[in-house]
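The values are calculated or read from the model by the stated rules, or taken from the named source; none is laboratory data. Note that the structure is a prediction, hence the values are computed from the model and not measured. Backbone-built Cβ (ideal geometry, glycine too); neighbour counts: all protein chains shown. We work out accessible area using only protein heavy atoms, side chains counted, and drop any ligands, DNA or RNA first. Shrake-Rupley method; radii C 1.70, N 1.55, O 1.52, S 1.80 Å.
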Amino acid sequence: MPPDPRFAGPPDGSMPPDPRFAEGSMPRDPRLGRPGDQPQPGPRRRRPPLPVEHPTDVLPAVQDPAPQEGEQFDDLFDEDDYEDEYREYDGEYDEAYDEYDEDPDAEYEEEEFAEEPVPVKKKRKRGKRAFGWVAALMVLVLIAGGAYYGYHKVFGYDDYEGGGEGSALIQVEDGDTTSAIGSKLVKAGVVASTKAFVKAGEDNTALSRIQQGYYLLKQHMSGGSAVTLITSPAARVGRLEIRPYMQLDDVKQPGDKVAPGIYSLISKASCAELDGKSTCISTDDLRKTVADADLKTLGVPDWAVNDSQKALSKDKRIEGLIAPGLYDVKPGWTATELMTNLIKQSADAIQAAGLSAQNTGPKQTPYRTLIIASLIEREAITDDFPKISRVIYNRLDQKIKLGLDSTVNYVVDKPTLLTNQADREAPGPYNTYLNYDLPPTPIGVPSSAAIKAALDPAQGDWLYFVKCEKDGHSCFASTNAEHNKNRQLAQQRGVF
């Protein structure tokens, strides 16, 4: 390698004097003495030999290249660089010397720079580490077990298998969610868990539309079986529908057909099979219960208790007091429980329609207003209710016989509005062709619309009406002559 021009001397080999070592030019290093002094005797530490195996510890000397022609020595020799190199070298020397053994004759050993041997404690650390792995594994097992339990607790559920056995009756109430129904099924022993029922019904739209009422299921059913059964028509029991116009007794239809009356419908609604036993209550039991019971105890409004005693028979004392609507009859109820529940709900519905002891028709008692409402219901369609009500009130005010076919047919249990001459001449309290005033009791179930019409009749001077349209509408008249024309019109149209 060519010599470093920074350290190369003049061509004759002599070294020019260094101005830095001139007297007073820079602080003197006591270890070097003054220029020209003889070395002083005394102890001196020996610099440890640098091992050849570590060539990077000390850089080998590099000869500076001879200066090129035209170069000046001063340009090659940089005083600042020389001082920096000297200080770096001196620092490295001191650090290496301090790390060396105190014995000046000690030899440099390569092992001192080698990697330290592994202490004996390492074995104990490996034992602890092994124990730590075992402990960590046990923790993981516990966490996994807890996670499984938590997953099963949150996402898992118990469920029975099969279609179940025995009987179980539950009631779905208005506003019950699927989860609420499932909870009731669990309490009744139908399903093993609420989740079993909820999960099985997630995709069943019929379950979300389930109505309030009583449902007959089985015990120990799978969630899927319970959903399938409860959404089927066969599961619904105790459903009772009372429609306007109905009466307590069965009604004879043309062609020897019979339309069931209220007693028959109640009896049918009471039927179910619970644990192999029938819960049906016969119409005879229902009639006897009404005939023998105290009406007030059954729930009949106070304003109807005395007037209803004028009925043809005791079992008909509640005629007109059963309001139309849907009822839930619990299979297993006694006849008294059943009738009490039905009559009390009806009393609330009648009052909700506006009829009470404080709110009646013009110049009428509550019970007589209820009778008028039953006549309106039987005689016309809803659109004509207010006008029919006005005809009845006008005739009562003018003391004119009502002459209604509906009251005559009530006794013979016929639904038609037509009567023959013999029926109209038959005596009896319900023959409004022969008797003045209202019949003694209602003749059927009045709707809320009929009750409202009885409470607030339309304004007019009509005294007559006849059904003159095929859609059920009536023609009204103030005189008998006008009424006869309307009757002829009805006959021409094939209505009357």
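In this structure GLU165 has an accessible area near 120 Å², from a 1.4 Å probe over the protein heavy atoms.
Using the Cβ-Cβ distance between GLN492 and ASN306 with R0 set to 45 Å, the FRET efficiency from 1/(1 + (r/R0)^6) comes to roughly 0.40. Less than 5 angstrom separates the built amide H of MET246 from those of VAL445, all sequence-distant by 5 or more or on a different chain.
Taking every protein chain into account, the accessible area of segment 350-446 amounts to 40 square angstrom per residue (probe 1.4 Å). Amide hydrogen proximity for TYR464: with H placed 1.01 Å from N in the peptide plane, the residues at 5 or more positions away or on another chain lying under 5 Å are ALA477. Scalar couplings 3J(HN,Hα) for segment 463-476, obtained by applying the Karplus form with A = 6.51, B = -1.76, C = 1.60 to θ = phi - 60°, are 10, 9, 7, 8, 6, 10, 10, 5, 7, x, 5, 10, 9, 10 Hz; x denotes Gly and Pro.
With the full set of protein chains in place, find how many percent of the accessible area of segment 161-209 is carbon and sulfur; take the probe as 1.4 Å. Answer for segment 161-209: carbon and sulfur cover 43 percent of the accessible area.
Going through the cross-link list LYS257/LYS387; LYS310/LYS363; LYS184/LYS344, which pairs have a Cα-Cα distance over 29 Å in this structure?
Details: LYS257/LYS387 32 Å; LYS310/LYS363 20 Å; LYS184/LYS344 26 Å.
Where the Cα-Cα span goes over 29 Å, the pairs concerned are LYS257/LYS387.
Could you work out the relative contact order of segment 196-320, using alpha carbon pairs under 8 angstrom and six or more residues apart, expressed as a whole percent? Display every interim value, and only then the final one.
Numbers: 131 pairs, mean separation 19.8, N = 125.
Relative contact order, segment 196-320: 16 percent.
Surface composition of segment 229-345: carbon plus sulfur atoms contribute 50% of the solvent-accessible area (1.4 Å probe, protein chains only, all chains present). In order along segment 263-276, the phi-based Karplus estimate (6.51 cos²θ - 1.76 cosθ + 1.60, θ = phi - 60°) of 3J(HN,Hα) comes to 4, 5, 5, 5, 4, 5, 5, 7, 7, 6, 10, 10, 6, x Hz; Gly and Pro are listed as x. Kindly list the residues of segment 329-358 that lie in the label zone of GLN171, defined by a backbone N under 18 Å from the point 7 Å along the Cα-to-C-beta vector. Counting only backbone N, you get 329-349.
Take the Cβ-Cβ distance between ASP294 and ALA352 as r, set R0 to 30 Å, and report the resulting FRET efficiency rounded to the nearest 0.05. Intermediate values should be presented prior to the final figure.
Numbers: r = 24 Å, r/R0 = 0.82.
With a Förster radius of 30 Å, E is 0.75.
Residue-wise HN-Hα couplings along segment 398-406, as the Karplus relation 6.51 cos²θ - 1.76 cosθ + 1.60 with θ = phi - 60° gives them from phi, are 9, 6, 9, 4, 5, x, 9, 5, 4 Hz; Gly and Pro carry x.
Within the shell defined by Cβ-Cβ distances under 10 Å, the residues around LYS195 carry a net charge of -1, with Lys and Arg each +1 and Asp and Glu each -1.
Normalising the Debye intensity of segment 417-470 to I(0), with uniform scatterers on Cα atoms only, and taking log10 at q = 0.24, 0.28 Å⁻¹ returns -1.25, -1.18.
Amide H contacts of PHE496: GLN491, each under 5 Å away and 5 or more positions distant or on a separate chain (H built 1.01 Å from N in the peptide plane; Pro and chain starts excluded).
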